[in-house]
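**Student:** Dropping the structure in here first, questions after.
The values are calculated or read from the model by the stated rules, or taken from the named source; none is laboratory data. The shown structure was predicted, so the numbers you read here are calculated from the model rather than taken from an experiment. Here the Cβ is made from the backbone with ideal geometry for all residues, glycine too, and neighbour counts use every protein chain on show. To get the accessible areas, we keep the full protein, side chains included, count just its heavy atoms, and leave off ligands, DNA and RNA. Shrake-Rupley method; radii C 1.70, N 1.55, O 1.52, S 1.80 Å.
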Amino acid sequence: MRRTIFTDEHQALRASVREFLDRHVRPRHEEFIAAKQIPREIWLEAGKQGFLGLQVPEEYGGGGVGHDYRFTAVFAEELSAVSAAFSSCLGIHCDVNAPYLVELTTEEQKQRWLPGFAAGEIVTAMGMTEPGGGSDLAALKTTAVRDGDVWVLDGSKTFITNGYSADLVIVAARTDPTKGAKGISLFAVETGMAGFSRGRKLDKVGQDESDTAELFFEDVRVPEENIVGELDNGFIHMMTWLPQERLGSAVTNLAHARQILDETIQYTKDRKAFGQSIGQFQHNKFLMAELVTRVEVTQAYLDQCVLAHTKGELTPIDAAKAKWWSGQ
């Protein structure tokens with residue numbers, strides 16, 4: 001199926017990402033799985049190639065593509081062809097977290113974090129999910145209490161992608177217990193802050209190379225200048241960028257499924273039984289035809305969602321539908 005939403009510039013990025021993956025990632029993929037982590041030199045190489053800062057303005061060392069989400073989608077698709085976990089780790093950093101650090105930060109914060117973010121020197125994570133509460137953000141129990149010009153952070157997070165290796169974690173905490181969802185703020189917690197610790201890398205069913213960990217905050221004193229966005233407006237900030245997060249998940253889901261389907265089709269051509277390739281059996285022909293159709297129809301819908309998001313027109317409902325359908 002010919003896809004029409006990408007320009008030559010987008011396809012040039014695709015070629016560069018494929019070369020990066022062929023040279024630096026695919027030969028070492030099993031090593032990353034065994035270590036349950038993507039090594040720092042891969043992050044640094046991706047930063048050197050300009051892949052991590054696509055959404056970061058040029059003056060801070062990024063690619064400066066603005067709101068053209070097609071570049072980010074191309075990057076996610078190629079990562080997903082290696083593994084969903086690889087796309088998840090880098091995607092949390094340069095897709096999920098990028099808008100927070102680009103759109104919500106002060107000039108001082110941009111100068112402090114964005115150059116390292118784009119270079120792969122500062123790996124980031126998002127601390128939302130909590131033990132027992134899952135993704136119910138309005139019910140989170142992590143608290144931040146003001147003490148002069150600092151905030152004292154207490155609580156824990158779990159299932160945090162990049163949690164074990166992140167240098168900076170955007171943490172959602174309750175700053176006003178009387179306001180419910182309207183009393184949540186976002187804090188940038190940095191490695192080395194006293195009271196900030198991590199649990200072991202969690203064992204999971206699949207996505208082994210994605211470092212996933214529990215995070216613990218015990219009287220962590222976070223300075224006022226590490227608040228991301230507006231005080232008590234963290235829930236609104238998270239809801240604002242949720243459609244992009246959902247769209248990124250959908251892009252990853254489908255690109256990974258397409259890669260597996262391509263490998264399966266090749267297998268049906270190579271595998272022989274009863275004197276012919278198993279792809280020649282009528283049942284398998286019907287099955288492959290159905291799967292290819294499902295993938296291509298889904299791709300057409302996702303491409304329109306990507307284009308809509310690039311134009312600022314993607315609704316939260318359509319983003320949710322894309323994530324749901326692509327995960328079936």
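**Student:** Evaluate the charge dipole of the chain about its Cα centre and quote only its size in Debye, nearest 20, assuming +1 on the Cβ of each Lys and Arg and -1 on the Cβ of each Asp and Glu.
**Tutor:** On the way: 34 positive and 46 negative charges, 271 e Å.
Charge dipole, the chain, about its Cα centre: 1300 debye, nearest 20.
**Student:** Let me ask you something else. Sorted by packing (mean other beta-carbon atoms within 10 Å per residue), highest first, where do 284-293, 108-117, 44-53 land? Let's see the in-between values first.
**Tutor:** Values: 284-293: 12.9, 108-117: 18.2, 44-53: 20.6.
Top of the packing list down: 44-53, 108-117, 284-293.
**Student:** With equal scatterers on the alpha carbons only and no solvent term, can you work out the Debye log10 of I(q)/I(0) for the stretch 1-131 at 0.14, 0.17, 0.19 1/Å?
**Tutor:** -0.62, -0.90, -1.10
**Student:** Can you work out D for the stretch 207-292 in µm² s⁻¹ from Stokes-Einstein, where Rh is the Kirkwood radius over C-alpha pairs, the temperature is 25 °C and the viscosity is 0.890 mPa s? All intermediate terms of the calculation are to be shown ahead of the outcome.
**Tutor:** On the way: Rh = 18.1 Å.
Taking Rh from Cα pairs, D becomes 135 µm²/s.
**Student:** Hey, which of these cross-link pairs are over 18 Å Cα-Cα: Lys157/Lys204; Lys36/Lys141; Lys110/Lys141? It would help to have the intermediate numbers written out before the result.
**Tutor:** Values: Lys157/Lys204 16 Å; Lys36/Lys141 28 Å; Lys110/Lys141 29 Å.
Flagged as over cut-off: Lys36/Lys141; Lys110/Lys141.
**Student:** Quick one: if you stick a label point 7 Å off each Cα along the C-beta vector at Glu296 and His29, how many nm between them?
**Tutor:** 2.5
**Student:** What's the angle, to the nearest 10 degrees (0 to 90), between helix 8-20's Cα axis and the longest principal axis of the chain?
**Tutor:** 90
**Student:** Can you give the local net charge around Gln276? Use residues other than it whose beta-carbon is closer than 14 angstrom to its beta-carbon, Lys and Arg +1, Asp and Glu -1. If you can, show how the numbers build up before the last one.
**Tutor:** Working: positive: Lys269, Arg271, Lys272, Lys285; negative: Asp270.
Overall, the nearby charge balance is +3.
**Student:** Moving on to the next point. Just the number, please: carbon plus sulfur as a percent of the accessible area of the stretch 167-255, 1.4 Å probe, no ligands or DNA/RNA counted. Walk me through the intermediate numbers first.
**Tutor:** Details: 1850 of 3680 Å².
Solvent-exposed carbon and sulfur of the stretch 167-255 make up 50 percent of the total.
**Student:** Taking only DSSP H segments of four or more residues, each worth -39500 (n - 2.57), what value at 222 nm results for the chain once the sum is divided by all its residues, to the nearest 500 deg cm²/dmol? Provide the component values of the computation, followed by the final result.
**Tutor:** On the way: 10 runs with 147 residues, N = 328.
Here the helix-only value at 222 nm equals -14500 deg cm²/dmol.
**Student:** Per residue, how many Å² of accessible area does the stretch 228-328 show with a 1.4 Å probe? Present the calculation step by step, with values, prior to reporting the outcome.
**Tutor:** On the way: 5870 Å² over 101 residues.
Per residue, the stretch 228-328 has an accessible area of 58 Å².
**Student:** Let me ask something else about it. By DSSP, what percent of the beta bridges with both residues in the chain are antiparallel, rounded to the nearest 5? Numbers along the way, then the final one.
**Tutor:** On the way: 30 of 36 bridges.
Looking only at bridges with both residues in the chain, the antiparallel portion is about 85 percent.
**Student:** Using the Cα centre of the stretch 21-68 as the reference point, and only Cβ charges (+1 on K/R, -1 on D/E), how large is the resulting charge dipole? Debye, rounded to the nearest 20. Write down the numbers at each step before the final one.
**Tutor:** On the way: 6 positive and 8 negative charges, 50 e Å.
Rounded to the nearest 20 debye, it is 240 debye.
**Student:** Quick one: angle between helix 107-119 and the longest Cα principal axis of the chain, in degrees between 0 and 90, rounded to 10, please.
**Tutor:** Taking Cα atoms only, the helix is inclined about 30 degrees.
**Student:** Counting only protein heavy atoms and using a 1.4 Å probe, what share of the accessible area of the stretch 260-328 belongs to carbon plus sulfur, as a whole percent?
**Tutor:** Ligands and nucleic acids excluded, carbon and sulfur give 60 percent.
**Student:** Restricting things to alpha carbons, tell me how big the stretch 170-246 is in terms of Rg and Dmax, in Å.
**Tutor:** Taking only Cα atoms of the stretch 170-246, I get Rg and Dmax of 14.7, 40 Å.
**Student:** Past the 18 angstrom mark, what percentage of all C-alpha to C-alpha distances in the stretch 73-134 do you count? Before the final figure, lay out each step's value.
**Tutor:** Numbers: 852 of 1891 pairs.
That fraction is 45 percent.
**Student:** Still on this structure: Of Gln244, Met288, Leu231, which is farthest along the charge dipole of the stretch 230-326 in the positive direction, counting Lys and Arg as +1 and Asp and Glu as -1 at C-beta?
**Tutor:** Most positive-ward Cα: Met288.
**Student:** What is the Å³ per residue value for the convex hull set by the Cα atoms of the stretch 1-65?
**Tutor:** Values: hull volume 7.7 nm³, N = 65.
Taking the convex hull of the Cα positions in the stretch 1-65, it is 119 Å³ per residue.
**Student:** Could you tell me which residue out of Ala139, His24, Ala181 lies farthest along the dipole of the chain toward its positive end? Charges go on the beta carbon: Lys and Arg +1, Asp and Glu -1, centred on the Cα centre.
**Tutor:** Farthest towards the positive end: His24.
**Student:** Report the one residue of Ala320, Tyr301, Gln259 whose Cα lies farthest in the direction of the positive end of the charge dipole of the stretch 257-323 (charges on C-beta: Lys and Arg +1, Asp and Glu -1; origin at the Cα centre).
**Tutor:** Gln259
**Student:** What is the magnitude of the charge dipole of the stretch 28-144 about its Cα centre, with +1 placed on the Cβ of each Lys and Arg, -1 on the Cβ of each Asp and Glu, and no other charges, expressed in debye to the nearest 20?
**Tutor:** Working: 8 positive and 16 negative charges, 50 e Å.
So the magnitude is around 240 debye.
**Student:** What accessible area per residue, rounded to a whole number of Å², is obtained for the stretch 1-102 using a probe radius of 1.4 Å?
**Tutor:** It amounts to 41 Å² per residue over the stretch 1-102.
**Student:** Restricting things to alpha carbons, find the Rg to Rh ratio for the stretch 125-282 using the Kirkwood radius for Rh. Don't jump to the answer; show the numbers that get you there.
**Tutor:** Values: Rg = 21.5 Å, Rh = 18.0 Å.
Result for the stretch 125-282 is an Rg/Rh of 1.20.
**Student:** Binned at 5 Å from 0, what are the whole-percent values of the Cα-Cα distance distribution for the stretch 65-192, short to long?
**Tutor:** 2, 10, 18, 20, 20, 16, 9, 4, 1, 0
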